Amino acid sequence: MHSGMPTGTSAINDVVSIEIIGNTGLIALDNPPVNAASHAVRTGLWQALETLQQDDGVQVIALYGKGRTFIAGADIREFGKPPQDPWLPDLCNFIEDTEKPIVCLLHGTTLGGGLEVAMSCHARVALPGTRVGLPEVTLGILPGAGGTQRAPRLAGVAFALDMITSGKPVSAEVALEHGLVDRIGEGEPREVALQAAQDLVSGALPRRKTGELAATPDQAAIDAMRTKLAKTQAQLFSPHKCVDAVEACHLPIRDGMAEERRLYNACMESPQRAGLIHAFFSERAVTKVPEAAAEPREIRSVGVIGGGTMGSGIATAVLLAGLPVTLTERDQAGLERGTDTIAGNLDGAVKRGKLSAEGREKILSDRLSTSTDLKALADVDLVIEAVFEEMSVKREIFGTLDTVCKPGAVLASNTSYLDINDIAATTGRPEDVIGLHFFSPAHVMRLLEVVVADKTSPEVVATGFALAKKLKKIAVRSGVCDGFIGNRIMTFYKKAADYMMMDGASPEEIDTAMRGFGFAMGPYQVADLAGLDISWAANKRRAATRPKEERYIPIADRICENSWFGRKTGQGFYIYDDNGPRPNPEALSIIDAERENAGVTPRSFTSEEIVERFMTAMILEGVRVLEEGIALRPIDIDAVFLNGYGFPRFRGGPMHTADVIGAGELVRRIEAYAQEDSYYWQVPELLRKMAESGETFAEMNTRG
Ligand code: 3HC
Ligand code: NAI
């Protein structure tokens with residue numbers, strides 16, 4: 001028996017215990033943090049049921065989870081390892097077949113295998129605030145413990161299909177409305193579970209075996225979902241298998257579950273499953289930084305300098321997270337522009353149902369204040385500077401902040417490329433200075449690079465991570481270099497794209513190939529969206545220090561010389577008008593002229609070659625970023641690209657993709673491309689060593 005347990009409680013194992021109270025056998029699961037259905041939970045639960053079955057004094061069984069949630073799913077860490085008995089589907093059937101009535105108490109996030117266990121019980125009661133869902137599809141699999149068979153029996157085919165193919169959880173109220181749970185009960189999980197058991201005995205709560213119910217046929221819902229997924233998720237594997245599995249729900253439950261198992265196994269073997277689960281863990285891995293143990297400073301108010309594209313987006317994100325913002329600009333007109341953009345962003349939040357109309361008014365009247373004087377930032381806990389990307393402007397501002405801001409205020413820059421050490425050096429408190437690099441639009445994009453300069457204190461780093469959490473963003477730690485993790489790698493692979501464009505591939509061919517790989521947009525669509533003027537400015541800044549060996553492609557600069565900056569001016573690589581984006585013939589003429597100037601005879605590129613060169617370049621610079629310690633681990637680079645650059649989630653990120661390709665193959669490719677350009681294509685030492693030793697990036701992620 002565990003110490004500290006109430007009398008009458010006996011431990012089945014470390015994570016499952018039983019307690020007999022009157023006629024009720026109460027099973028408690030205690031597998032922190034999320035009660036994942038690990039091997040120990042499955043074994044313990046099985047044994048607990050057997051024990052209670054055999055106890056003549058027990059008339060009814062109740063099941064609940066201790067801590068913050070009932071089972072939040074199968075234990076994802078066991079995926080990819082040999083499965084160990086008892087399997088979750090067998091356990092679910094065993095629960096359903098239990099002679100004595102059994103009720104399940106749902107609370108917290110009852111997801112995946114957790115909901116499957118609950119659906120196998122004979123009745124379900126949820127606490128208010130419970131989220132219920134089958135998110136397996138987001139991990140590249142499908143509910144594999146009867147979820148595709150029992151959910152349609154309880155909630156109907158159409159509702160089950162939506163839930164299973166979207167992976168989105170629903171509230172306890174919605175679950176009740178659709179029959180997934182039988183009642184919402186208030187109180188402590190243990191007490192509500194005990195009461196529910198009594199109601200099951202008295203008949204106040206009906207007892208049903210889900211597997212014995214019949215789902216009402218709804219072929220129209222199945223056909224409609226197939227059509228929708230063929231359009232929206234053609235590249236993904238598991239959503240389509242989810243529909244196939246649900247379609248089997250009209251078979252007897254065991255036959256349906258056999259079909260579900262066959263489809264589940266196919267998903268498990270798919271490389272998309274590995275990519276998506278890597279992506280899941282990447283979001284959690286990035287929080288494990290050397291400064292994690294430091295105490296973050298308290299942030300009760302934020303100052304934002306500059307109300308342009310980024311400043312207004314950052315201010316919106318901070319306001320939506322419930323913090324007051326003081327926005328400063330150069331003049332009144334700038335303030336008005338910034339405030340209008342913020343108000344427009346908040347309108348969008350109201351439209352999407354994320355904010356009430358009153359909430360919007362309250363934010364604008366109570367939480368946002370503005371000034372043209374940096375002195376207005378004297379009392380804020382954190383300042384985020386988002387002015388023009390010019391070192392002289394940033395230096396001047398940080399010099400002023402040093403004299404204006406209270407001691408202990410965190411001073412952050414949103415610079416895309418500039419050296420945070422230089423910025424910090426203009427203050428007498430470099431330990432308070434950090435880079436907080438948001439992505440556009442800042443109130444939408446989830447990535448935040450936390451750029452740690454030489455003297456940044458651990459508490460300030462921890463504060464950056466705490467802020468990201470508050471803003472519901474994914475923070476990734478980066479060291480200082482030109483462009484940090486993301487933009488540095490992008491600047492490099494963009495050159496590989498430009499070389500292909502110069503040598504014969506059209507921007508549209510390159511974009512189409514990269515979309516085919518799974519990117520949301522190709523590199524030239526991204527360039528047009530971000531504004532070609534931004535890279536033009538960076539090209540000019542770097543011109544003086546550009547190595548003479550580097551092959552320079554001036555095509556985008558030539559386009560900019562016509563004041564064609566992409567989407568915002570109506571044309572760039574593409575034309576944007578009422579007929580939708582289409583290749584810009586003028587840009588194509590510039591490309592032809594530049595090829596001629598450089599004496600290049602254009603050749604054709606297959607999509608495969610485009611993807612290979614593009615990905616090899618991305619990985620190559622990723623390896624250098626690792627070698628230099630700019631990124632802590634390969635998985636941090638993956639998190640940056642998944643959350644800030646539209647990298648296909650099912651491919652797990654560039655460094656996960658590198659493992660799929662293999663270091664040996666990457667070295668071979670780089671050496672082959674080096675025949676044309678030995679300056680750009682150089683094998684990083686680390687990659688060569690990996691090719692020799694067989695070490696993978698996945699292994700580096702787990703190394704302490
Ligand atoms: N298996 C193993 N570990 C898990 C896990 C799971 N299913 N779910 C969460 N964890 C771990 C996390 O990795 C994290 O570990 P760490 O502290 O070492 O980094 C820890 O639990 C806490 O997780 P979060 O930081 O995510 O905690 P939150 O409170 O923010 O979120 C949650 C909780 C909503 C449950 C979220 O963790 C989540 O969405 N988990 C995944 C749920 C899921 O996908 N379930 C389905 C699994 S597949 C399945 O059930 C197959 C079946 O059909 C056969
Ligand atoms: P922007 O040109 O849209 O906005 C800059 C704003 O700063 C202007 O409104 C200007 O009036 C204001 N400003 C200039 N000097 C000022 C001063 N001394 N005091 C107060 N306000 C001042 O520029 P954008 O795109 O918002 O970029 C801002 C910063 O964010 C830059 O450092 C940029 O590199 C970075 N960034 C930009 C991203 C993008 O996609 N646009 C993405 C991530 C970072």
Fill in: Residues (within 13 Å of ligand 1 (Cβ to nearest atom) and assigned to a helix (DSSP H, G or I)) located in the stretch 94-137
G113, G114, L115, E116, V117, A118, M119, S120, P135, E136, V137
Response to the item:
Among P135, P83, P89, the single one that is out of contact with any Ser or Thr (no Cβ under 7 Å at 6 or more places or on another chain) and surrounded by fewer than 21 Cβ atoms within 10 Å (Cβ to Cβ) is P83
Item to complete: Could you tell me whether P33 is over 19 Å from V192 (Cβ atoms), surrounded by fewer than 24 Cβ atoms within 10 Å (Cβ to Cβ) and touching a residue at least 12 places away in the same chain (Cβ under 8 Å)?
Response: yes
Worksheet item: Does the stretch 147-166 contain at least one residue that is within 12 Å of ligand 1 (Cβ to nearest atom), under 25 Å from L251 (Cα atoms) and outside any helix (DSSP H, G or I)?
Response: no
Item to complete: For residues that are open to solvent by 10 Å² or more (accessible area, probe 1.4 Å), in contact with a helix residue (DSSP H, G or I) (Cβ under 6 Å, 6 or more places away or on another chain) and under 15 Å from F281 (Cβ atoms), tally how many sit in the stretch 621-644.
Response: 3
Worksheet entry | Residues that are free of Cβ contacts under 8 Å to residues at least 60 places away in the same chain and closer than 20 Å to I253 by Cα, drawn from the stretch 103-117 | G112, E116
Practice prompt. Kindly indicate whether any position in the stretch 300-311 is free of Cβ contacts under 8 Å to residues at least 60 places away in the same chain, over 26 Å from the mean Cα position of the chain (by Cα) and open to solvent by 20 Å² or more (accessible area, probe 1.4 Å).
Written response: no
Worksheet item: Inside the stretch 438-461, can you point out the residues that are open to solvent by less than 10 Å² (accessible area, probe 1.4 Å), within 21 Å of D638 (Cα to Cα) and over 17 Å from the mean Cα position of the chain (by Cα)?
Response: V451, V461
Worksheet item: In the list A28, A72, which residue meets the criterion of being assigned to a strand (DSSP E or B) and either surrounded by fewer than 21 Cβ atoms within 10 Å (Cβ to Cβ) or of a type outside the set (D, E) (or both)?
Response: A28
Worksheet item: If a residue has to be over 21 Å from N487 (Cα atoms) and either part of a helix (DSSP H, G or I) or within 16 Å of ligand 1 (Cβ to nearest atom) (or both) to count, how many in the stretch 394-437 make the cut?
Response: 14
Worksheet entry | The listed residue being charged (D, E, K, R) and part of a loop (DSSP other than H, G, I, E, B), out of D482, D498, D533 | D482
Discussion item. I'd like to know if the stretch 528-538 contains one or more residues that are more than 32 Å from the chain's Cα centre (by Cα), away from ligand 1 (no atom under 16 Å from the Cβ) and among the polar types (S, T, N, Q).
Written reply: no
Worksheet item: Within the set of pairs 6+ apart or on separate chains, which have a first residue in the stretch 538-563 that is open to solvent by 30 Å² or more (accessible area, probe 1.4 Å), a second that is outside any loop (DSSP other than H, G, I, E, B), and C-beta atoms under 7 Å apart?
Response: N539/D557; R551/Y499; R558/I590; R558/E594; S563/T569
Discussion item. Being within 16 Å of ligand 2 (Cβ to nearest atom), outside any loop (DSSP other than H, G, I, E, B) and not small (G, A, S) narrows it down to one residue among V318, V350; which is it?
Written reply: V318
Worksheet item: When you go through N579, N539 one by one, which is the residue that is in a helix (DSSP H, G or I) and assigned by TED's automatic domain parsing to the domain that holds E609?
Response: N539
Worksheet item: Has the stretch 654-661 got any residue that is more than 24 Å from F484 (Cβ to Cβ) and assigned by TED's automatic domain parsing to the domain that holds R613?
Response: yes
Worksheet, complete the sentence: So the helices (runs of 4 or more DSSP H) completely within the stretch 622-704 holding 1 or more residues that are free of Cβ contacts under 8 Å to residues at least 12 places away in the same chain are 663-674, 685-693, 697-702
Practice prompt. Report, by residue number, each residue of the stretch 420-455 that is closer than 19 Å to V640 by Cβ and among the hydroxyl-bearing types (S, T, Y).
Written response: S440
Practice prompt. Would you list the helices (runs of 4 or more DSSP H) that sit entirely within the stretch 218-284 and hold 2 or more residues that are open to solvent by less than 20 Å² (accessible area, probe 1.4 Å) and within 21 Å of P82 (Cβ to Cβ)?
Written response: 253-269
Worksheet entry | Residue list for the stretch 128-183, restricted to those being touching a Gly at 6+ places or on another chain (Cβ under 8 Å) and either among the charged types (D, E, K, R) or within 16 Å of ligand 2 (Cβ to nearest atom) (or both) | R131, E136, R150, R153, K168
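The values are calculated or read from the model by the stated rules, or taken from the named source; none is laboratory data. Since the structure is predicted, the reported quantities are computational estimates derived from the model, not experimental observations. Cβ atoms come from the backbone with ideal geometry, glycine included; neighbour counts cover every protein chain shown. Just the protein is used for accessible areas: all its heavy atoms, side chains included, with ligands, DNA and RNA removed. Shrake-Rupley method; radii C 1.70, N 1.55, O 1.52, S 1.80 Å.
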